[in-house]
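Below you'll find the structure, written out as structure tokens, and then a few comments.
The values are calculated or read from the model by the stated rules, or taken from the named source; none is laboratory data. Predicted model, so just to flag it, every value in this text is computed and none were measured. Glycine gets a Cβ as well: all are built from the backbone with ideal geometry, and neighbour counts include every protein chain shown.
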Amino acid sequence: MRHTLLHYLSTQRLPATVAGAQGIAAVQALLMEGCVKAVLPSKRSAEAGVPVATVTELTRLGHRALRQFSGA
């Protein structure tokens, strides 16, 4: 899912929001890998409604991962 999300984000105008537990977990994994810059929802915001992560940037490492994933 991480690579699919990274590809999707590369086609979107940033900042972009990602909702849902799986989507947020994928953003968190990409953030930890250094592929994106993002703001994750706080526990308080998650309790208040539908939590979203906001991806603000794809990093050089993220662009490199995209090239490797696409086989280019």
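What the table shows:
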{"item": "Among (1) of a type outside the set (A, V, I, L, M, F, W, C); (2) in contact with a strand residue (DSSP E or B) (Cβ under 8 Å, 6 or more places away or on another chain); (3) modelled with pLDDT of 95 or more - the single one ARG64 does not satisfy", "result": "(2)"}
{"item": "Entirely in the range 1-64, the helices (runs of 4 or more DSSP H) that have 2 or more residues that are touching a residue at least 12 places away in the same chain (Cβ under 8 Å) and under 9 Å from the mean Cα position of the chain (by Cα)", "result": "2-10, 21-33"}
{"item": "Residue match in the range 14-23 (condition: modelled with pLDDT of 95 or more and among the hydroxyl-bearing types (Ser, Thr, Tyr))", "result": "yes"}
